Amino acid sequence: MTNSRAPLFAIGLVITLGLAATALPAAAQTEKTAPAFGISLSGFVKTDIFYDSRQSTSIREGHFLLFPKAPLLGPDGDDINDRAGFNILSIQTRIAGRITGPDALGAKTSAYIEAEFFGTSDSDLNGFRLRHGWLKLNWARSELMIGQFWHPMFVTESFPDVVSFNTGAPFQPFNRSPQVRYTRSFGRVSLAATALAQRDFVSTGPDGATSAYLRNAALPEFNLKLQYASKNDARKTETVAGLGADVMKISPRIVTAAGYETEESLTGLAAMGFFKQRWPKWTWKAEAVWGQNLHHLTMLGGYAVRGVLDAARLDWSYTPIATLSLWTEIMTNGTAWQTGLFAGYARNLGSPHEITGTSYGRGTDIGELYRLSPRIVYNVGKMRFAGEVELTAASYGTPDAFGKVRDASCVRNVRLLLAAYYFF
């Protein structure tokens, strides 16, 4: 009896040997000449232990601290928010993958993925979420990046090096967004143009915090940044300075309370200036930000209803609430021991137009905000131990017809923070 499997086996053997014969020279060539493409992993494990002297506005069970809460008086006149709190969290732990591959379109190609266990909301605490996910094409004098990354107003070359996960917010812009960014270099000067959408860091409005307001405007947020950078490794010096401008249009509603379609929108402008100077033993950084409707940047501000355009249709017009923010930092550059001091100030500048309706924003009843935070860091091998004292004060009052806060009184929170890291 003839074995019907023999021809199939023979055919399979011939194909396998043929593929092997083709692959062996290619594999040998790869080992000798081809560059090593692939993914390299890195990240850290971090645990934060913190104590607050007062109840505070924060994100993820107090981990991302913003500012102390306003006084809340009980029936006996006691301030309910004048109460301490404590927590231990490891949700900042993260992992990253840097990817390299062959050239394309005459450019060097790369990609990057970074995720952590911070979640996307308090109910998703410990949830694994995407921080960064982008690809890059690098030519001799230009770069194209597509994906999720830091907002251009978060300057990666010069930001607060504090221990706290807030990284200086709400004095410092803090936002990661899906974007398309093109950067052109002119020697030490570069010009970057970016178009952005919203994902985890969104605007707020009548329906709460959601990306729908920007999506319904049918236009991305636009940013233009001019930056100078000079670095001398031999002298251990570095200078970074620049200016940036931003414009964002949102549509808070597409239908009125009476059921009519509405096309009313709000356009907010922002500008920034930043500077960093590194010497062998010291580094100094400073930044100023002015902007309208900066809620999506985790800063003070927002917008409000300016007036009713049509009483029958219940159609509204809007006006932005502006914020001025300043911060500076000085730190040592030691290998084992490092110290630093961060100082921040933010002020509610109000609206250019009279407000007649609801305000949508963050801290719209705060007139001024201050922060002072000294720190000490000890590095040993792949481990780091850090301590920080963060004093944040907020002046709460009553917004007037133009959104400026009157009759303000100050409340303070002191955060004692200890952090332990293991880098890999």
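Quick look at the values:
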{"quantity": "Residues of region 277-317 that turn out to be outside any strand (DSSP E or B) and buried (at least 24 other Cβ atoms within 10 Å of the Cβ), as a count", "calculated": "7"}
{"quantity": "Qualifying position, being more than 23 Å from GLY387 (Cβ to Cβ), touching a Leu at 6+ places or on another chain (Cβ under 7 Å), at pLDDT 95 or above and open to solvent by 60 Å² or more (accessible area, probe 1.4 Å), among ILE39, ILE95", "calculated": "ILE95"}
{"quantity": "Total residues in region 235-262, condition open to solvent by 30 Å² or more (accessible area, probe 1.4 Å) and closer than 13 Å to LEU214 by Cα", "calculated": "3"}
{"quantity": "Residue within region 274-291 that is closer than 22 Å to PRO206 by Cβ and under 27 Å from the mean Cα position of the chain (by Cα) present", "calculated": "yes"}
{"quantity": "Subset tally (residues that are over 14 Å from SER164 (Cα atoms) and among the β-branched types (Val, Ile, Thr)) for region 56-84", "calculated": "2"}
{"quantity": "Filter result (among the aliphatic types (A, V, I, L, M) and part of a loop (DSSP other than H, G, I, E, B)) within region 68-106", "calculated": "ALA70, LEU72, ILE80, ALA84, ILE91, LEU105"}
{"quantity": "Filtered residues of region 392-424 (kept if hydroxyl-bearing (Ser, Thr, Tyr) and either in contact with a His (Cβ under 7 Å, 6 or more places away or on another chain) or open to solvent by 50 Å² or more (accessible area, probe 1.4 Å) (or both))", "calculated": "THR398, SER409, TYR422"}
{"quantity": "Hits in region 117-133 (condition: open to solvent by less than 20 Å² (accessible area, probe 1.4 Å) and touching a Lys or Arg at 6+ places or on another chain (Cβ under 9 Å))", "calculated": "PHE118, GLY119, ARG131, HIS132"}
{"quantity": "Residues that are closer than 12 Å to ARG371 by Cβ and among the small types (Gly, Ala, Ser), drawn from region 154-192", "calculated": "SER164, GLY168, ALA169"}
{"quantity": "Any chance THR210 is under 25 Å from LEU417 (Cα atoms), without any contact (Cβ under 8 Å) to a residue 12 or more places away in the chain and either under 17 Å from the mean Cα position of the chain (by Cα) or not in a loop (DSSP other than H, G, I, E, B) (or both)", "calculated": "no"}
{"quantity": "Qualifying residues in region 340-358 (those that are touching a Gly at 6+ places or on another chain (Cβ under 7 Å) and buried (at least 22 other Cβ atoms within 10 Å of the Cβ)) - the one farthest from GLY387 (Cα to Cα)", "calculated": "ILE355"}
{"quantity": "Tally of residues being more than 18 Å from VAL155 (Cβ to Cβ) and either over 15 Å from the mean Cα position of the chain (by Cα) or exposed (fewer than 15 other Cβ atoms within 10 Å of the Cβ) (or both) across region 189-198", "calculated": "1"}
{"quantity": "Pairs with Cβ under 6 Å, 6+ apart, first in region 336-360 and on the phi > 0 side of the Ramachandran plot, second open to solvent by 70 Å² or more (accessible area, probe 1.4 Å) and among the hydrophobic types (A, V, I, L, M, F, W, C)", "calculated": "GLY350/PHE402"}
{"quantity": "For ILE146: the one exception among (1) open to solvent by 20 Å² or more (accessible area, probe 1.4 Å); (2) under 29 Å from ALA343 (Cα atoms); (3) under 20 Å from the mean Cα position of the chain (by Cα)", "calculated": "(2)"}
{"quantity": "Pair list, Cβ < 7 Å and 6+ apart or interchain, from region 256-270 residues that are under 24 Å from ALA245 (Cα atoms) and at pLDDT 95 or above to residues that are outside any strand (DSSP E or B) and among the hydroxyl-bearing types (Ser, Thr, Tyr)", "calculated": "SER265/SER251"}
{"quantity": "Any hit, region 169-188, residues being among the hydroxyl-bearing types (Ser, Thr, Tyr), surrounded by 15 or more Cβ atoms within 10 Å (Cβ to Cβ) and closer than 29 Å to ILE254 by Cα", "calculated": "yes"}
{"quantity": "Any hit, region 163-175, residues being within 24 Å of LYS231 (Cα to Cα) and of a type in the set (Gly, Ala, Ser)", "calculated": "no"}
{"quantity": "Evaluation of PHE86 against (1) within 26 Å of TYR421 (Cα to Cα); (2) open to solvent by less than 20 Å² (accessible area, probe 1.4 Å); (3) over 20 Å from the mean Cα position of the chain (by Cα) (one fails), failing number", "calculated": "(2)"}
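Residues checked against (1) farther than 22 Å from THR319 by Cα; (2) open to solvent by 70 Å² or more (accessible area, probe 1.4 Å):
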site	(1), (2)
THR204	no, no
THR210	no, no
ARG215	no, yes
ASP233	yes, yes
ALA271	no, no
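The values are calculated or read from the model by the stated rules, or taken from the named source; none is laboratory data. Since this is a predicted model, take the numbers as computed values, not measurements. All Cβ positions, even for glycine, are placed from backbone atoms using ideal geometry, and neighbour counts span all protein chains on display. These area figures cover heavy atoms from the full protein model, side chains too; ligands, DNA and RNA do not enter into them. Shrake-Rupley method; radii C 1.70, N 1.55, O 1.52, S 1.80 Å.
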